[in-house]
Amino acid sequence: MTDAPLWEVFIRPRNGLSHVHCGSVHAADEVMAIQAARDVYTRRGEGNSIWVVPSDAITASDPALKEQNFEPAMSKIYRHPSFYEIPEDVGHM
Amino acid sequence: MYAQGLIGADAATTEDAAFLERFQARIDAEEKIEPNDPMPAGYRKTLIRQIGQHAHSEIVGMLPEGNWITRAPSLRRKAALLAKVQDEGGHGLYLYAAAETLGVTRDQMTEELLSGKAKYSSIFNYPTPTWADIGAIGWLVDGAAIMNQIPLCRCSYGPYARAMIRVCKEESFHQRQGYEIMMTLARGAPAQKDMAQDALNRWWWPSLVMFGPPDSDSVHGDQSMAWKIKRFTNDELRRKFINATVPQAEFIDLTVPDPDLRWNDDTQSYEHGPIDWDEFWRVVKGHGQMNRDRIAARRKAWEDGAWVRDAAVAHGEKRRTRHTAALAAE
């Protein structure tokens, strides 16, 4: 007994929004993966478009390198508008 | 709760104190734990077991209600019941997918269910002889499930919490459709009202034990609470459920079958009579009325579906081979 391949499912809630990851399904091929995803994840109008991607095709960043990858951005608060002090008299900017 | 306070769980873990301390600090800071994060073996094991039991409960839970789809009293009721049973199947799949992120395979989980090694909620080992049982299941069993699952939406393990959010959104229709069935029967002919009361009599106590053993006997509750897998104790959830449900029974003029039930003005809460925990353990250990039927039905479904799974895999392979050949010919 072997599992059918795993697929990651992405759904676009409506036009104008991105496809968002919502879960995964097992299916023998991409056509059946789309059918399974439709049955499992869109029973209540959750979206109008589905992507399925073989799970093993996803390359993920290494969780052990989380600090190295993402910590530098946390300390650069000058990248955010709230870092700069503008007198209220100037109005909305 | 569909995991019933983790039947037979063992949260033993062997990591060093510094590792456990760092992990606990993340939990205490309400950080979510995601699949690739370091976690204690006991945390992983507890979750695999809990999510697995929960998933199996959803799948086995399709059986008692599926029994009534072809005999629902109207097209409206039939469509609703069909949608509800389909939801249970979906919930099982969300949960299996969440468990798989912890390194267990779907096949392992399926095998454990079919061999009787894995547990599922004791509630599904009771029979559904009348239509009113479908009302009682939606109202009481799904009501109890919601009471347990809402705090699970804040569980520390991200994939489980996200699955629970989806499940809870869908589950509230289940409870409402059940209560509507009970209300219709309770306001119908005397025979219909009797049928509703009979269903309440049979489902009340099994629903209360869905929350698992009392806190005084619950061995693994403390560790699950500390890891924020659980947010409330079994007894707390049971009390909440009783407090919410008793007025609903009164509203439709049905009587909760507990002569000792009384309102405590000091605690602003109901107090219930003694629960038969021997019965609970009997059912959990496989001696309920329907245990054998449920597993036999799951085995039959699995075996009868084998050719479909094989055909799907063969079809998928054939398409891939053709696709590769077509690419090579270009």
Seminar exercise, completed: B:E330 fails exactly one of (1) modelled with pLDDT of 95 or more; (2) more than 24 Å from the chain's Cα centre (by Cα); (3) surrounded by fewer than 16 Cβ atoms within 10 Å (Cβ to Cβ); (4) among the charged types (D, E, K, R), namely (1)
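Taking only the range A:14-29 into account, find how many residues are surrounded by 16 or more Cβ atoms within 10 Å (Cβ to Cβ), farther than 17 Å from B:R162 by Cα and either away from chain B (no Cβ under 13 Å) or in contact with a Gly (Cβ under 9 Å, 6 or more places away or on another chain) (or both). I'd like the intermediate steps shown before the answer.
Quick first cut of the range A:14-29, residues surrounded by 16 or more Cβ atoms within 10 Å (Cβ to Cβ) only: A:22-29.
Subset that is farther than 17 Å from B:R162 by Cα: A:26-29.
Then keep just the ones that are either away from chain B (no Cβ under 13 Å) or in contact with a Gly (Cβ under 9 Å, 6 or more places away or on another chain) (or both); that gives A:27-29.
Counting residues in the range A:14-29 that are surrounded by 16 or more Cβ atoms within 10 Å (Cβ to Cβ), farther than 17 Å from B:R162 by Cα and either away from chain B (no Cβ under 13 Å) or in contact with a Gly (Cβ under 9 Å, 6 or more places away or on another chain) (or both) gives 3.
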For this session: Could you grab me the full set of residues in the range B:235-256 that are open to solvent by less than 80 Å² (accessible area, probe 1.4 Å) and touching a Leu at 6+ places or on another chain (Cβ under 8 Å)?
Result: B:R238, B:F241, B:I242, B:T245, B:V246, B:A249, B:L254, B:V256
Problem set entry | Failed criterion for A:I58 (all others in (1) modelled with pLDDT of 95 or more; (2) among the β-branched types (V, I, T); (3) open to solvent by 50 Å² or more (accessible area, probe 1.4 Å) hold) | (1)
For this session: Count, please, the residues in the range B:64-82 that happen to be under 24 Å from B:M109 (Cβ atoms) and either touching an Asp or Glu at 6+ places or on another chain (Cβ under 8 Å) or within 14 Å of chain A (Cβ to nearest Cβ) (or both).
Result: 2
Problem set entry | Qualifying residues in the range A:67-88 (those that are open to solvent by less than 90 Å² (accessible area, probe 1.4 Å) and outside any loop (DSSP other than H, G, I, E, B)) - the one nearest to the other protein chains (Cβ to nearest Cβ) | A:N69
For this session: Name the residue, out of A:I50, A:I11, A:I34, that is open to solvent by less than 30 Å² (accessible area, probe 1.4 Å), of a type outside the set (S, T, N, Q) and more than 10 Å from chain B (Cβ to nearest Cβ).
Result: A:I11
Exercise. In the range B:297-309, is there at least one residue being in contact (Cβ under 8 Å) with a residue 60 or more places away in the chain, part of a helix (DSSP H, G or I) and either touching a Cys at 6+ places or on another chain (Cβ under 7 Å) or open to solvent by less than 50 Å² (accessible area, probe 1.4 Å) (or both)?
Worked result: yes
For this session: All but one of (1) open to solvent by 50 Å² or more (accessible area, probe 1.4 Å); (2) away from chain B (no Cβ under 13 Å); (3) part of a strand (DSSP E or B); (4) of a type outside the set (S, T, N, Q) hold for A:H92, so report the exception by its number.
Result: (3)
Exercise. When only residues in the range B:187-218 that are part of a loop (DSSP other than H, G, I, E, B) and touching a residue at least 40 places away in the same chain (Cβ under 8 Å) count, which is surrounded by the most Cβ atoms within 10 Å (Cβ to Cβ)?
Worked result: B:G212
For this session: Please give the helices (runs of 4 or more DSSP H) falling wholly within the range B:13-72 in which 1 or more residues are closer than 19 Å to A:K66 by Cβ.
Result: B:17-28, B:41-60
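Taking B:E112, is it under 16 Å from B:G61 (Cα atoms), charged (D, E, K, R) and either facing another protein chain (nearest Cβ under 8 Å) or surrounded by 15 or more Cβ atoms within 10 Å (Cβ to Cβ) (or both)?
On the way: under 16 Å from B:G61 (Cα atoms): no; charged (D, E, K, R): yes; either facing another protein chain (nearest Cβ under 8 Å) or surrounded by 15 or more Cβ atoms within 10 Å (Cβ to Cβ) (or both): yes.
When the stated conditions are applied, B:E112 does not pass them.
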Exercise. Restricted to the range B:257-275, and to residues that are in contact (Cβ under 8 Å) with a residue 40 or more places away in the chain and farther than 26 Å from B:P151 by Cα, which residue is least open to solvent (accessible area, probe 1.4 Å)?
Worked result: B:D258
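The values are calculated or read from the model by the stated rules, or taken from the named source; none is laboratory data. Quick caveat: nothing in here was measured; it's all calculated off a predicted structure. Don't worry about glycine lacking a Cβ; one is built from the backbone with ideal geometry, like all the others, and counts go over all protein chains shown. Heads up: the accessible areas ignore ligands, DNA and RNA and are worked out on the full protein's heavy atoms, side chains in. Shrake-Rupley method; radii C 1.70, N 1.55, O 1.52, S 1.80 Å.
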